[in-house]
1. At 7 Å along Cα-to-Cβ for each site, give me the label-to-label distance between residue 46 and residue 67 in nm.
2. Where a ≥ b ≥ c are the square roots of the eigenvalues of the C-alpha gyration tensor, would you call the chain rounded, which needs a/c under 1.5, or, failing that, prolate if a/b is larger than b/c, or oblate?
3. By how many degrees, between 0 and 90 and to the nearest 10, does the Cα long axis of helix 24-49 differ from the longest principal axis of the chain?
4. Quick one: 50, 78, 10, fewest Cβ neighbours within 10 Å first, how do they rank?
5. Compute the length gained on full extension between residue 23 and residue 82: take 0.36 nm times their separation in residues and subtract their Cα-Cα distance, giving the result in nm to one decimal.
6. R0 = 30 Å: FRET efficiency of residue 90 with residue 12, Cβ-based, nearest 0.05?
C-alpha cells in the first residue's frame, strides 16, 4: 500500500470494532478507504455548494465546506469505505 499522508487523518474511533481489533494492516487499509471516501465527500460538497455561493464565499468558505464534509463523514458517509475495504481485502488475499 502507498503512503497515506495525502489522505485526511482518520481517528481510531472511526474504525469499526472488528477493524480496531484486527491487524495493523487491516486498520491501515480501512483508514485508506475512509480517507478516500472523505476526499470524495469533499468534492461532492464543493459541487453542491456551487449553487449556493453565499454559504461558501469569503474567508469562511473553506471552513464551511470542511464542516459539511466532516458532518457527512461523521454521520457514516455514503458507505463507500466499507465496500472499498472489503474489495481491498479480497484483492490482497
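No lab work stands behind these numbers, since they all come straight from the coordinates. Values in this document were obtained by computation on a predicted structure and should not be read as measured data. Neighbour counts are summed over all protein chains in view; Cβ atoms, including those assigned to glycine, are modelled from backbone coordinates with ideal geometry.
1. Once both label points are built, they end up 2.0 nm from each other.
2. Numbers: a/c = 2.56, a/b = 2.41, b/c = 1.06.
Prolate.
3. Relative to the chain, helix 24-49 is tipped by roughly 20 degrees.
4. Details: 50 9, 78 13, 10 21.
Ordered from fewest to most neighbouring Cβ atoms within 10 Å, 50, 78, 10 come out as 50, 78, 10.
5. Full extension of this stretch gives 19.6 nm more.
6. On the way: r = 24 Å, r/R0 = 0.80.
It comes out at approximately 0.80.
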